[in-house]
Each structure stands twice: as C-alpha cells, then as structure tokens.
1. Taking the Cα centre of the chain as origin, work out the dipole magnitude from +1 charges on Lys and Arg Cβ and -1 charges on Asp and Glu Cβ, in debye rounded to 20.
2. So how much slack lies between Val103 and Lys65, counting 0.36 nm per residue of separation and subtracting their Cα-Cα distance, in nm?
3. Straight distance only, please: which aspartates and glutamates reach the Cα of Lys43 with their own Cα at less than 14 Å, same-chain residues fewer than 8 apart left out?
4. DSSP loop trypsin sites (Lys or Arg not before Pro) in the stretch 41-78 with at most 14 other Cβ atoms within 10 Å of their Cβ, which ones?
5. Counting Lys and Arg as +1 and Asp and Glu as -1, each charge on the Cβ, what is the dipole of the stretch 26-91 about the Cα centre in debye, to the nearest 20?
6. Modelling each spin label as a point 7 Å along the Cα-to-Cβ direction, I'd like the Ser123/Ala14 distance in nm, to one decimal.
7. Which one of Thr106, Tyr60, Pro88 has its Cα pushed farthest toward the positive end of the charge dipole of the chain, where Lys and Arg give +1 and Asp and Glu give -1 at the Cβ?
8. So for the stretch 1-109, averaging the separation of alpha carbon pairs under 8 Å that are six or more residues apart and normalising by length, what relative contact order in percent results?
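No lab work stands behind these numbers, since they all come straight from the coordinates. Note that the structure is a prediction, hence the values are computed from the model and not measured. All Cβ positions, glycine included, derive from the backbone under ideal geometry; neighbour counts span all protein chains shown.
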Amino acid sequence: QVQLVESGGGLVQAGGSLRLSCAPSGRTFATYAMGWFRQAPGKEREFVAAISWSGGSTDYADSVKGRFTISRGNTKNTVYLQMNSLKPEDTAVYYCAADASGVLLTAATQYDYWGQGTRVTVSS
C-alpha cells in the first residue's frame, strides 16, 4: 500500500520553528512533484508550498513566503518543510501530497497521493 507519512509537527511558541518531513512507503516518489497543504479548524484545505520532482522549482503561498522553505532530500524521495517565524495563524494540520506529473502544482485536486497529516499548533 502506497503511503506518505508526515512527521515533525508539535506545539511551538510564536516566533519559533519546526521542520516537517514527508517520507513515502510502498514506492518511491523521487520523480513526483510534492506539495504541502494545511487545514485549520473550520477552514478549507489550502496550499502552502510545492516543489518539482527535480527540486529546481518551488512555489509558496503568499502567507508563508520568506518564512517557510520546501526542499527535497538527497535521494529526492523525502520532502521537508522548514517553518520559521511561526505565527498563531499557522496553526493547522499539515498534509503532504504527491503527484506523478512531476511539475509544480498548487491545487489540491491535482495531487494523487496524500498523507494522514501532522498537527502544528503555534501558541501566542
């Protein structure tokens, strides 16, 4: 069974940092585009960041630009989201997603595989 497994979430104070990881099981995602989305309580899932299969192209939501960085590991099979200068409004469940096209995607409907999510809580 193909799975994406997120880790690294937790409770942090405003201004702090967290690093989320997304690792696959069941297959390699080294040639897949990867993305991070988040869903806060009572809100729809929203795009956070995306990276192409090569890692050469990235895109970010305006709300996280300059604070979050998406990257791929050396084997390109693991994806990270470094989150700095966290704000209470970043509180959400963060989901990792993968798409076989390999190109940069920002719409949730375009992704083929999803993880179960990891919770991030930022206290003020």
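1. With Lys and Arg at +1 and Asp and Glu at -1, about 260 debye.
2. Roughly 11.7 nm would be gained on extension.
3. Glu89, Asp90
4. Lys43, Lys65
5. Computed about the Cα centre, the dipole is about 220 debye.
6. Once both label points are built, they end up 1.4 nm from each other.
7. Positive-most Cα among the choices belongs to Pro88.
8. 35 percent
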